[in-house]
1. If I filter segment 424-436 down to residues being buried (at least 24 other Cβ atoms within 10 Å of the Cβ) and of a type outside the set (S, T, N, Q), which single residue comes out as farthest from the chain's Cα centre (by Cα)?
2. For the list (1) within 26 Å of Asp380 (Cβ to Cβ); (2) modelled with pLDDT of 95 or more, I need the number of the one condition that Pro92 fails.
3. Let me confirm something: among Arg106, Arg115, which residue is of a type in the set (Lys, Arg) and surrounded by fewer than 18 Cβ atoms within 10 Å (Cβ to Cβ)?
4. Regarding Met267, is this residue aliphatic (A, V, I, L, M), modelled with pLDDT under 90 and surrounded by fewer than 21 Cβ atoms within 10 Å (Cβ to Cβ)?
5. If a residue must be in contact with a Cys (Cβ under 9 Å, 6 or more places away or on another chain) and either of a type in the set (Ser, Thr, Tyr) or part of a helix (DSSP H, G or I) (or both), how many such residues does segment 188-221 contain?
6. Does Ala83 satisfy being in the same structural domain as Ser485 (by TED's automatic domain parsing), more than 29 Å from the chain's Cα centre (by Cα) and buried (at least 22 other Cβ atoms within 10 Å of the Cβ)?
7. Out of the residues in segment 319-345 that are aliphatic (A, V, I, L, M) and crowded, with 20+ Cβ neighbours inside 10 Å, state the one that is nearest to the chain's Cα centre (by Cα).
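The values are calculated or read from the model by the stated rules, or taken from the named source; none is laboratory data. Quantities reported herein were computed from a predicted structural model and do not represent experimental measurements. Every residue, glycine as well, gets a Cβ built from its backbone with ideal geometry; the counts of neighbours run over all protein chains shown.
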Amino acid sequence: MNRHDDPLRGLGPQARRTFLRQLAALGAGVAPSALPLATLLAASSQVAAQTAGGYKALVCVFLAGGNDSFNTVLDTQAGPWAAYQQVRNQAPDSLALMPVGTTADRSATASVPARLGGVRPLAISGASLALHPSLVKLAQIHDTRRRLAIVANVGPLVRPTTKAQYAMPTHARPAKLFSHNDQQNWWQALSPEGARSGWGGRIADALMAGSPQATFTSVSISGASVWLAGEQVRQYQLSSNGAIRIGGSGSTLFGSAAALGTMKRVMTGTRSDGSRRVSGLLALDHADVVERSINAEATLSGALAPAGTAPWGTPVSGTATYAADADPLLRWTHPLTGASAANGLARQLQMVARCVQAAPALGITRQVFFVNLGGFDTHDGQNRRHAELMAQLDHGLDYFDTVLAAMGQSANVTTFTASDFGRACTSNGDGTDHGWGAHHLVMGGAVRAGLHGRWPTLGVKNVANNDFDSSPDQLRNGALLPTSSVDQLGATLATWMGVGAGDLAGLFPNLGNFDATVRNLGFMA
């Protein structure tokens, strides 16, 4: 075996010995070079995870539809602010938010930015950034709690790309740009629609070997997600209410424990004495899947703390039944009307927090979670809709940060936003069209607050050639050409989780195309 093919290259003596012990534990009787990549990752990356110690989790908050990051994080310096105002202050409905210090005008209609008041400045040395007026708590999480980072202009990239290179057909770039399905897959799996595994699942593959409950390593609270799918790890799906039980809820079926037991035996193809009543590979495999699901639900349900207990929820008094939708902790306030409503994102994050609390009892040291907030495809009615979505995001992330702090888990859980793409800077009348790069948020006690990555240059449209030629970072409709890649963002998070440097290329296929000095974006301590 050539030394360049040695999968142990880069590991120290102690790490190499630990690696070989892991191979022995996996029953490996072959040379490392002959082992599958997933096996090598599980063994070598577990070394890093064990060295790091403790519990860690990643939480992906997917903003489905394509979040308009131009109105999420804004540059308030004179030049960029003037360019932003000139481009976004278009008829018939201006999308330009009001400057810092503007008092909210409650007499203005709900679709007018003046009703929200000015953008919220952030205390960042060397930068003049502000958040959408609805992001009240996130501004505090950054300025006061110091648990929020802004990662500038992130998007799928095959390799670093300039505006001139983007115009060259021979320069590699992600396929099917500006398509919802394909760009959701690029963000989650680093390939277009049809991918079988995502980088969250591949991180779980690399670290799952140390977990006796690998079933609960990769968890979705919002349906199936390719981001959670690994080559070995299979995602486990929960609802906001808890583990999904096959065959009903509680310990009885139609009031009968015997009926529930009989139904489970029918579903798993077993007799009362435990022997199998089914035969054939397909029937046996189906019965095994059902049995694993039933057993997993029972295991997780037994470890989860009740939702209606502090700090996850507001305890009820007497014989009252806890109702999550009525819990004031899980309700958000509409920034335009003042009305209160249940926040589905907060409920999903409540479930994540309960799973984090249950992890020690289940013997889990690493987990990845996926939650979703939809409605960001704002081709029209953007002013009102985006303000609502920002308020839900603000409330949900503040709830989660507060709960994790009460649990003593702030430093062990890192939450980040993702989305199909950013939106265009130009208006289509009262909304925005599909874009590419976008600014994203990363939250947690291990996060370095402030701005990370290169902030893009904003320009104005040249009417003569219909292009943003005053900006090297904006395409013809003002969409951002990413200056940092999803591979770099993911690799930074994977490194914090404990994935070894030598394993990153197997998880992030485009990472090697970026200079080694910028593969880690530096937002994690």
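1. To start, the set of residues in segment 424-436 that are buried (at least 24 other Cβ atoms within 10 Å of the Cβ) comprises 424-425, 432, 435-436.
Those left that are additionally of a type outside the set (S, T, N, Q): 424-425, 435-436.
On the way: Ala424: 22, Cys425: 24, Gly435: 19, Trp436: 17 Å.
Looking at residues that are buried (at least 24 other Cβ atoms within 10 Å of the Cβ) and of a type outside the set (S, T, N, Q), I get Cys425.
2. Going through the list (1) within 26 Å of Asp380 (Cβ to Cβ); (2) modelled with pLDDT of 95 or more, Pro92 breaks only (2).
3. Working: Arg115 fails: surrounded by fewer than 18 Cβ atoms within 10 Å (Cβ to Cβ).
Exactly one of Arg106, Arg115 is of a type in the set (Lys, Arg) and surrounded by fewer than 18 Cβ atoms within 10 Å (Cβ to Cβ), namely Arg106.
4. Working: aliphatic (A, V, I, L, M): yes; modelled with pLDDT under 90: yes; surrounded by fewer than 21 Cβ atoms within 10 Å (Cβ to Cβ): yes.
Spelling it out, Met267 is indeed aliphatic (A, V, I, L, M), modelled with pLDDT under 90 and surrounded by fewer than 21 Cβ atoms within 10 Å (Cβ to Cβ).
5. 3
6. When the stated conditions are applied, Ala83 passes them.
7. We begin by selecting, within segment 319-345, every residue aliphatic (A, V, I, L, M); these are 320, 323-324, 326, 329-330, 336, 339, 341-342, 345.
Imposing the further condition that a residue be crowded, with 20+ Cβ neighbours inside 10 Å reduces the set to 324, 330, 336, 345.
Values: Ala324: 23, Leu330: 20, Leu336: 27, Leu345: 12 Å.
Per the criteria, the residue is Leu345.
Okay, residues lined up against (1) surrounded by 19 or more Cβ atoms within 10 Å (Cβ to Cβ); (2) within 16 Å of Asn89 (Cα to Cα); (3) charged (D, E, K, R); (4) within 25 Å of the chain's Cα centre (by Cα):
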residue: Gly422; (1), (2), (3), (4): yes, no, no, yes
residue: Ala438; (1), (2), (3), (4): yes, no, no, yes
residue: His452; (1), (2), (3), (4): yes, no, no, yes
residue: Leu458; (1), (2), (3), (4): yes, yes, no, no
residue: Asn466; (1), (2), (3), (4): no, no, no, no
residue: Pro472; (1), (2), (3), (4): no, no, no, no
residue: Asn477; (1), (2), (3), (4): yes, yes, no, no
